[in-house]
Amino acid sequence: MAIKDKEKKLFVSSPRNYAAELKFLLTTLLLLCTIATLLHFIPSSFTISASDLRLCISRISQTPPTPSPPQASTIIHEKLTTNNTIKRFFNPYGSAAYNFITMSAYRGGLNTFAIIGLSSKPLHVYGNPTYECQWIPFTNTSSEKIITNGYKILPDWGYGHVYTVVVVNCTFNGTINGDNNGGKLMLYASTSGGGDRSFNATDKMEVLVEQPKLLDHTLYDSKPKFEFLYCGSSLYGNLNPQRVREWIAYHVRLFGPKSHFVIHDAGGVHEEVLEVLKPWIELGYVTLQDIRDEERFDGYYHNQFMVVNDCLHRYKFMAKWMFFFDVDEYIYVPPKSTIKTVVDSLSEYSQFTIEQMAMNSKVCLQDDYGKTYRKWGFEKLVYRDAITGIRRDRKYAVQPRSLYATGVHMSENLDGNTTHKTEGRIKYFHYHGTIAQRRETCKLLVNSTKITYEKIPYVLDTTMRDIAGVIKKFELKMIGSRLQNTKQ
C-alpha cells in the first residue's frame with residue numbers, strides 16, 4: 001500500500017530529517033482524518049480503507065525511538081542556533097609547550113629558595129603566568145599553610161626560543177625548617193593570561209626535599225670552600241680536545257689550588273675531550289655535569305642561561321668569587337699582579353666586567369711555520385683586533401652571595417654595585433671559533449707587525465705566546481705526560 005511504503009521509507013531516512021518527516025506526516029494524516037469524520041467523505045482517489053487509515057494513525061502517533069548518534073559524530077564542529085546563526089567550535093589537542101620544566105631548586109638562605117627552569121616563551125611574552133611557593137613540613141604541628149608568592153626573574157633578556165629561562169625566588173616571612181625535621185618545597189605554576197584566556201591551569205610540582213637533620217644552618221654565614229669557581233656554559237659539538245687541554249691547564253694555574261671548574265656537557269664532551277678532563281677531575285679541580293637531556297627543549301644557545309643560573313645557585317655559598325666565560329677565552333692579569341690581588345682590589349663591588357682582546361683565529365706568523373714545539377693554539381695565534389675597544393664585548397665575575405639571578409655577559413639581578421672600569425687590571429683573550437676547529441689553525445702566514453684581514457686591522461700581540469712554556473711546565477708537573485699525544 002502507498003502509505004505503508006511511505007512508512008517504510010520513513011524509518012530509513014537520515015537521523016537529521018527523521019523527526020521532521022514524522023511530524024509533517026502525522027499532522028497531515030490527522031487533518032485528513034478530521035475532515036473525513038466531519039464530512040463522512042473519503043475521496044475515491046484514495047486506495048486505503050478507513051480502518052487502515054485509523055490503524056496507520058495509531059501507529060505513527062506513538063513516540064518513535066530516538067536513534068543512537070553515529071560513533072563518528074562525537075566531535076561537534078558547528079551547530080545551528082535558535083536565531084539561525086551557525087555556531088562554530090574549536091577543539092584543541094596536545095600542548096605546544098610545557099608550562100614549566102624544572103632543572104633544580106636550591107636554598108638561598110634560611111628563609112629563601114631559588115627554583116631554576118624553563119617555561120613557554122609565548123606564555124610569558126603574551127600572558128602573565130604567576131607562581132606560588134609552599135613549604136610542607138614532614139612533621140606539621142600547625143594547621144596553617146606556609147605559602148608565599150613566587151617572584152619570577154627572566155634572565156635571558158628575551159633571547160629564548162620555544163622556551164625562556166625562569167628563576168622563581170621564594171622568600172618566606174620566617175625561617176623554614178628551623179627545627180631541622182625536614183620538609184618539601186612545592187611550586188604552583190599558573191598559566192593565567194596565557195594562550196587560552198578562558199582556561200587557567202595551575203600545575204603543582206615538588207621541586208625540593210630536605211631530609212631531617214641534614215640542613216646546615218651555618219652554611220650561609222661560613223667561609224666559602226673555594227676562592228674561585230668557574231661556571232661554564234653548555235659545551236656542544238665536535239670540540240677539539242687539544243684546545244680544551246690548553247684551556248684547563250692555563251686556568252688551573254691562573255686560579256690556583258683553591259679553585260674549581262664546573263663543566264656542563266650538552267654533547268661536546270666526547271671520549272677524547274673526556275680523556276683530557278679526567279686527570280683534573282681526579283685531582284679535584286673539575287666537576288663534569290651531563291646536561292644532554294636539556295637538548296629536548298628548544299631554548300637559546302643550548303639553554304646556557306638556565307645552565308649558568310643553575311651553577312650560580314648550586315655553588316652560591318661554596319665560592320667567594322664566581323667567573324663566567326667560555327672555553328675559547330683566556331683570563332689574563334699583568335705579570336706584577338695575581339688574580340687574587342685583582343679581585344681584592346675590586347672587593348667593594350658585587351660584580352665586575354672584563355674587557356675582551358679579540359684574536360684572529362686564522363692568521364699566524366711566517367717565522368713560526370714548521371716550529372713543532374709551538375703546537376698550542378694560543379702560542380700560534382698572535383694577531384689581535386686593533387679596534388677591540390670600539391667593538392667591545394665583555395665577560396664577568398661576581399661575588400655570588402649577592403646575586404638573585406645571572407646572565408651570560410653580566411647580571412642585572414644583584415644586590416650591590418657593578419664596575420666596568422677594569423682596564424689595565426684584568427682582560428681576556430678571545431680565540432673565537434677555535435674550540436670547534438679540528439684542523440690546522442693557521443690559514444694565512446704573514447711576516448708583519450700590522451695587517452688587515454677581511455677589512456679588520458690587526459696588530460701583533462705575543463702576550464699569550466710568551467707564557468705558553470710556563471703553562472706546559474705546570475701541566476707536566478701536575479699530571480705528568482698523560483696528555484702528550486692529545487689529538488687536534
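Strictly over 26 Å apart at the Cα level, which of Lys213/Lys258; Lys258/Lys395; Lys336/Lys477; Lys443/Lys477; Lys362/Lys455 would you flag in this model? Among Lys213/Lys258; Lys258/Lys395; Lys336/Lys477; Lys443/Lys477; Lys362/Lys455, the Cα-Cα distance tops 26 Å for Lys213/Lys258; Lys443/Lys477. Expressed as a whole percent, the accessible surface of segment 406-488 that belongs to carbon and sulfur atoms is 50, based on a 1.4 Å probe.
May I ask you to rank Phe89, Phe378 by accessible area, largest first, using a 1.4 Å probe over the protein chains only? Don't jump to the answer; show the numbers that get you there.
Working: Phe89 75, Phe378 5 Å².
The residues order as Phe89, Phe378, largest area first.
Taking Cβ atoms as reference points and 14 Å as the exclusive limit, the residues near Asn240 contribute a net charge of 0, counting Lys and Arg as +1 and Asp and Glu as -1. If only the Cβ of Lys and Arg carry +1 and only the Cβ of Asp and Glu carry -1, the dipole of segment 345-484 around its Cα centre is close to 540 debye.
Each residue, Asn83 and Tyr220, gets one label point 7 Å from its Cα in the Cβ direction; the gap between the two is 5.9 nm. At the residue level, Glu348 shows approximately 140 square angstrom of accessible surface with a 1.4 angstrom probe and all protein chains present.
Using a probe of 1.4 Å, the accessible surface attributed to Tyr98 totals some 120 Å² when neighbouring protein chains are kept in position.
By accessible area, using a 1.4 Å probe on protein heavy atoms only, segment 196-256 has 50% of its surface on carbon and sulfur.
Any idea what the relative contact order of segment 103-204 is, in percent, if you count C-alpha pairs under 8 Å spaced at least 6 apart?
Numbers: 210 pairs, mean separation 36.2, N = 102.
The value is 35 percent.
For a protection proxy built on the mean count of beta-carbon atoms within 10 angstrom, sort 431-439, 206-214, 248-256 highest first, please. Intermediate values should be presented prior to the final figure.
Details: 431-439: 16.3, 206-214: 14.0, 248-256: 20.3.
Ranked by mean Cβ neighbours within 10 Å, highest first: 248-256, 431-439, 206-214.
The candidates His124, His420, arranged from most to least accessible area with a 1.4 Å probe in the full protein assembly, appear as His420, His124. Ordering 227-233, 282-288 by mean Cβ neighbour count within 10 Å, with the highest value first, yields 227-233, 282-288.
The values are calculated or read from the model by the stated rules, or taken from the named source; none is laboratory data. Computed from a prediction, not measured in an experiment: that's the story for all the values here. When we count neighbours, we look across all protein chains shown, and the Cβ atoms used for this are built from the backbone with ideal geometry, even at glycine. Protein only, heavy atoms only, side chains kept; ligands, DNA and RNA dropped before computing areas. Shrake-Rupley method; radii C 1.70, N 1.55, O 1.52, S 1.80 Å.
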